[in-house]
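**Q** This is the structure I want to talk about, given as structure tokens.
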Amino acid sequence: MKLPTVQFTEQQEKFRLEVRSFLKKQIELGTFNTKCDSWLSGSDPSFSKIIAKQGWIGMTWPEEYGGGGRSSIDRYILTEEFLAVGAPVAAHWFADRQTGPLLLRFGTEEQRKFFLPKIVKGECFFAIGLSEPNSGSDLASVSTRATKVEGGWLVNGAKTWTSNAHDAHYMVTLVRTEPLDPEKKHKGLSQLIIDLHADGVEIKPIRYLTGENHFNDVFFENVFVPDNMVVGTLGNGWVQGLAELAYERSGPERILSTFPLLNELVEELKKQGDLIGLGEASKLIAEMWGLRNLSIGVAKMLEEGGEVAIPAALVKSIGTKFEQKVPEVARLLVQTMPCLEAHKNFDRYMAEAILHSPGFTIRGGTSEVLYGIVAKGVVAG
Ligand SMILES: Cc1cc2nc3c(=O)[nH]c(=O)nc-3n(C[C@H](O)[C@H](O)[C@H](O)COP(=O)(O)OP(=O)(O)OC[C@H]3O[C@@H](n4cnc5c(N)ncnc54)[C@H](O)[C@@H]3O)c2cc1C
């Protein structure tokens with residue numbers, strides 16, 4: 001596997017400093033508190049609006065839809081800086097990362113004109129509806145069904161683990177639009193945009209280990225979805241969904257979910273003058289640096305239209321193991337009383353990292369499933 005290397009330009013380095021000083025100012029203003037895993041669990045619609053004003057949502061999308069027309073490397077830099085300070089970017093995350101690119105690739109012009117400018121303004125958030133109570137890794141077995149009626153579809157079924165559905169306006173939902181053929185399970189699936197405030201939609205929180213509500217069960221009972229909310233081609237949902245996964249698996253959010261803790265670990269060790277501990281922490285940093293180079297390489301490949309499914313699976317599986325390793329190493333190096341309400345940052349980040357870690361290697365495809373993809377050299381089994 002050969003991934004391109006990326007040398008940041010002077011302009012890109014300047015942009016990084018611009019983002020960094022903007023975020024520093026926001027922290028000083030008290031706009032947000034740093035936390036681990038902020039890209040999934042730090043939902044703050046008002047912060048998303050502030051980001052939108054900077055032109056930092058949909059920054060790679062064409063200007064005609066309100067986007068910034070900038071490169072994916074610029075977006076990569078922006079994302080890294082958000083994660084480094086644990087900024088609350090979860091509300092707009094899915095729309096920015098994958099719904100926009102999905103609509104640009106497969107959506108109708110009407111859908112692009114309707115949704116993209118709203119997403120860019122931080123006024124429209126999306127959730128991703130793939131997993132179901134009996135369907136996770138084996139997504140081809142989804143049973144939420146859409147039945148054709150005049151002018152649209154009636155949806156019945158349930159999705160689960162749906163991150164941020166309670167804050168989102170719409171959900172890109174994988175549904176069965178043709179009866180299941182056990183021989184060809186991947187056929188007959190379609191992607192529908194479902195208005196989460198429509199009649200017949202019920203959203204129930206599932207609590208994290210922290211007690212917070214970040215993901216949900218979502219139930220559909222005779223939910224009407226108009227024809228113009230079908231994304232792409234009917235029956236092509238499997239192929240379209242796989243294209244989306246490429247955006248999902250290789251970003252810096254698969255490496256940096258516990259970065260605030262790593263940063264604080266180094267600060268603590270410096271304070272204590274613990275040179276041996278700093279030596280151990282430097283091993284983590286070296287590992288992170290290698291992963292980062294892989295991840296940037298995948299971003300570059302994506303921009304050039306390359307096939308990234310396998311390198312993205314590799315980055316996700318190794319990167320999320322690294323995120324889990326950070327609290328494991330940190331607790332051996334610094335004495336801590338992890339607590340979500342702790343005043344001491346180290347103790348607070350430690351609690352967040354420990355309680356969020358189990359999900360890192362599950363969400364977006366479990367490690368075992370990713371190993372299967374890499375081993376077989378194909379995306380779907
Ligand atoms: C924090 C978090 C947020 C999430 N957010 C969303 C979301 O927004 N939208 C959404 O749709 N889903 C979301 N999910 C769900 C997630 O995508 C699924 O949990 C995941 O795909 C695994 O599915 P499952 O839970 O049904 O486990 P299963 O698929 O039942 O897997 C159970 C075990 O079997 C193993 N296994 C399964 N198949 C294979 C195989 N072929 N080879 C080897 N081992 C295998 C798995 O690795 C796992 O260890 C989220 C999950 C988490 C933890």
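Coordinate-derived values only; no laboratory data. None of the values given here were measured: they were computed from a predicted structure. Every residue, glycine as well, gets a Cβ built from its backbone with ideal geometry; the counts of neighbours run over all protein chains shown.
**Q** I'd like the antiparallel share, as a percent to the nearest 5, of DSSP beta bridges with both residues in the chain.
**A** Numbers: 31 of 37 bridges.
Given both bridge residues lie in the chain, the antiparallel proportion sits at roughly 85 percent.
**Q** Over the chain, with a Gaussian network built from C-alpha contacts below 10 Å, which listed residue (SER143, SER48, SER71) shows the highest mean-square fluctuation?
**A** Highest fluctuation among the options: SER71.
**Q** Once both axes come from the Cα atoms, what is the angle between helix 367-376 and the longest principal axis of the chain, in degrees from 0 to 90, rounded to 10?
**A** Helix 367-376 sits at roughly 70 degrees to that axis.
**Q** So how far, in whole Å, is the C-alpha centre of region 78-141 from the one of region 219-276?
**A** Value for the Cα centre distance between the two parts: 9 Å.
**Q** Per residue of the chain, what 222 nm ellipticity follows from adding -39500 (n - 2.57) for every DSSP H run with n ≥ 4, rounded to the nearest 500?
**A** Numbers: 13 runs with 177 residues, N = 381.
For the chain, the value works out to -15000 deg cm²/dmol.
**Q** Given a 10 angstrom Cα cut-off, can you work out which residue in GLU150, GLU304, GLU267 is the most mobile in a GNM of the chain?
**A** GLU150
**Q** Counting other Cβ atoms within 10 Å of each Cβ, which trypsin sites (Lys or Arg not before Pro) in region 163-199 have at most 14 and sit in a DSSP loop? Walk me through the numbers before you get to the answer.
**A** Working: sites: ARG176, LYS184, LYS185, LYS187; in loops: LYS184, LYS185, LYS187.
Within region 163-199, the qualifying trypsin sites (Lys or Arg not before Pro) (loop, at most 14 other Cβ atoms within 10 Å) are LYS184.
**Q** Now for a separate question. Using unit Cβ charges (K, R positive; D, E negative) and no other charged atoms, how large, in debye to the nearest 20, is the dipole of the chain about its Cα centre?
**A** Numbers: 41 positive and 47 negative charges, 108 e Å.
Here the chain has a charge dipole of around 520 debye.
**Q** Which ordering of HIS169, HIS214 is given by a fewest-first count of other beta-carbon atoms within 10 Å?
**A** The order, fewest Cβ neighbours first, is HIS169, HIS214.
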